[in-house]
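In what follows, a structure is listed as structure tokens, so that the remarks can point back to it.
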Amino acid sequence: MADCCTQRKKLCYCVLLCFLVAGITGGAIGIYKWRYTGLNRWHGKGSTPNFQKIIQERCDTYTQQIRPDSRSRDCQGITQAFMSAFISKDPCKATKEDYQPLIDLAYPTVPCGKAVFWSKTKELAREYAKGRGLLTLEDTLLGFLADGLSWCGEPGSSDLNYQSCPDWKKDCSTNYFSVFWEVLSERFAENACGTVQVVLNGSIENAFDKMSIFGRVEAHNLRSVVMLQAWLVHDPGKPPRDSCSGSSIKELESILNGRNVRFTCRDNLR
Ligand code: APR
């Protein structure tokens, strides 16, 4: 009798243990799936809430109030082309071609001598441009629409992923956000003419960063009709860490020399 009880107890423990192991394994698999295949599997911030509405509203504001000369632009078509570029697609497989229909609807051009490029100085460059009647990429229609927003889709879904989007370094460089800025910047640079400016940050180690969009894309797409003036700005609260005679600016100069683009550099502007 006692023997039979011990046997039963053992069986109970065994069953309990099996349930416990199955529970833990199931939980771990669940967490793994949620973490790596769920909507929050990426390391970058998710899409901006109301992305489509913001794009549509910004387009109306730009074409009706900011640049009434672009009133004839089809904002519904532009919004549609923007959404179709990335919706339902693998967020790590963006190509320049995905954005071609959108770029065709609103090419980013500015008059000769008006373009201002920047790298790690966005707000400052915008202020600099505004004060002098010059224009950054964010003053063109598509730059204005996307300024400060983030976006990505999800395969098999017609919605955006609001939880997370791929990060350039941690997930993939061919994400829809980065490819958008690259292709738009490429067009912006290849259309620049006359004397154009770039505002660089002299308070960081490499004012010219060859991995930035200015370094990887824009500098390599300027035409020989262009003269580039670099302004190295220093943060008043920080010691200068780079200058016009530093190696990073020399690197920029050599890229431009190879393209027959004339270049000047001014230091120490606050
Ligand atoms: N809003 C949000 N993100 C932006 C914007 C914007 N208006 N413009 C660029 N980005 C993204 C890009 O992915 C870019 O790489 O933020 C990053 C800013 O990185 P920085 O190193 O500060 O600058 P850089 O990579 O050189 O890009 C800025 O490219 O967008 C063009 O004409 C623009 O000259 C400018 C340069």
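Below is a table of values for the structure above.
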read-out	value
Residues that are under 17 Å from residue 262 (Cα atoms), in a loop (DSSP other than H, G, I, E, B) and more than 10 Å from the ligand (Cβ to nearest atom), drawn from the range 193-212	193
When residues of the range 105-132 are limited to those that are hydrophobic (A, V, I, L, M, F, W, C) and away from the ligand (no atom under 13 Å from the Cβ), the one surrounded by the most Cβ atoms within 10 Å (Cβ to Cβ)	106
Scope the range 146-169; condition assigned to a loop (DSSP other than H, G, I, E, B) and among the aliphatic types (A, V, I, L, M); matching residues	149
Options 175, 201: the member that is crowded, with 21+ Cβ neighbours inside 10 Å and within 29 Å of residue 101 (Cβ to Cβ)	175
Odd one out for residue 172, checked against (1) assigned to a strand (DSSP E or B); (2) more than 10 Å from the ligand (Cβ to nearest atom); (3) among the hydrophobic types (A, V, I, L, M, F, W, C)	(1)
Filtered residue count, the range 50-73, keeping only those that are open to solvent by less than 90 Å² (accessible area, probe 1.4 Å) and not in a helix (DSSP H, G or I)	1
Residue count, the range 222-262 (criterion: over 22 Å from residue 127 (Cβ atoms) and open to solvent by 40 Å² or more (accessible area, probe 1.4 Å))	15
Matching residues in the range 90-104 - criterion: being assigned to a loop (DSSP other than H, G, I, E, B), open to solvent by less than 60 Å² (accessible area, probe 1.4 Å) and either on the phi > 0 side of the Ramachandran plot or more than 14 Å from the ligand (Cβ to nearest atom) (or both)	90, 91, 92, 95
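The values are calculated or read from the model by the stated rules, or taken from the named source; none is laboratory data. Fair warning: this is a prediction, and the values are worked out from it, not measured in the lab. Note: ideal-geometry Cβ built from the backbone for every residue, glycine included; neighbour counts use all protein chains shown. Surface accessibility is based on the protein's heavy atoms, side chains included, excluding ligands, DNA and RNA. Shrake-Rupley method; radii C 1.70, N 1.55, O 1.52, S 1.80 Å.
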